[in-house]
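The values are calculated or read from the model by the stated rules, or taken from the named source; none is laboratory data. No experiment lies behind these values; they were computed from the predicted model shown. Please note: Cβ atoms are built from the backbone with ideal geometry, for glycine as well, and neighbour counts cover all protein chains shown.
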Amino acid sequence: MWCTVVNVGVILIAGVVGLFLRGRLSKRYEEAVILALGIAAIPLGISLFLETKNPLVVLISVTVGFFLGCLWRLQDRFDRVGDWLKEHTRFLEKVVPHRKEDNFTNAFVTASVVFLVGPLALMGSFQAGVTGDCTLIFTKCIFDFFATLIFAAGMGEGVLFSALSVLLFQGAITLLSSLVGQVLTDAMIAELTAVGGVMIMAMGINVSGIRNIKMGDFLPAILVAPIIAYLWGLVF
């Protein structure tokens, strides 16, 4: 669990540094940073998608997951959570650079997706929980530091609150890894990673301004993917 605490600390420190830089960058450069993030996320998502052993499982998982997300109106719920966090952290606007067009919830959800859907988040949490080895989590910390710094510089203070998502998600997997690690097979993890890749591609399209995508509605696909992979293995 302490590995995840370190990861959270890295995100918070990098976020503060990113906000410090944000105050010293013109709006033109901030927009360039956001566009670069979106474009770079697309090939990153493709590389994760290539982990799949069965693209049909990914297609079904994303479709079913998005349907459930729309049915449960997850994006709307995330918007309300984001609005609540923003309302109760107004004091931050007095100490960090803020823009009227900042989308707090979009920054929060986007950063959370990037930090949580990759293989390092999953396998690192399993490894830390089962063996106590934090090597993968610490490797993830390096990536998270630079990603958070760039996100915060381009999107604002909502990025810092993705640390809560990391604490809850990675912490839960680490604590339950003795059970979850026996349930998830390599094939299930591969399809989960591939679905995460699709989500990162969607995030890249969203951030770069190509099309507005409600990322929160895609989140159930992460939970659906291992189940679909397991059922597919039983049937086929």
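Quick look at the numbers
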read-out: Residue list for the range 45-66, restricted to those being under 18 Å from W232 (Cβ atoms) and out of contact with any helix residue (DSSP H, G or I) (no Cβ under 7 Å at 6 or more places or on another chain); value: P55, L56, L59, T63
read-out: Subset of the range 205-236 (residues that are free of Cβ contacts under 8 Å to residues at least 12 places away in the same chain and part of a loop (DSSP other than H, G, I, E, B)); value: R211, N212, I213, F236
read-out: From the options A194, A202, A121, residue that is part of a helix (DSSP H, G or I), in contact with a Leu (Cβ under 7 Å, 6 or more places away or on another chain), surrounded by 20 or more Cβ atoms within 10 Å (Cβ to Cβ) and among the hydrophobic types (A, V, I, L, M, F, W, C); value: A194
read-out: Candidates E93, E87, filtered to the one that is farther than 21 Å from L122 by Cα, exposed (fewer than 14 other Cβ atoms within 10 Å of the Cβ) and at pLDDT 75 or above; value: E87
read-out: Neighbours by Cβ (under 9 Å, 6+ apart or cross-chain): first from the range 133-154, without any contact (Cβ under 8 Å) to a residue 24 or more places away in the chain; second polar (S, T, N, Q) and crowded, with 24+ Cβ neighbours inside 10 Å; value: L136/S125
read-out: Residue in the range 152-169 that is under 25 Å from A225 (Cα atoms), crowded, with 19+ Cβ neighbours inside 10 Å and aliphatic (A, V, I, L, M) present; value: yes
read-out: Restricting the range 216-236 to residues that are surrounded by fewer than 22 Cβ atoms within 10 Å (Cβ to Cβ) and among the hydrophobic types (A, V, I, L, M, F, W, C), the residue that is nearest to V33 (Cα to Cα); value: I222
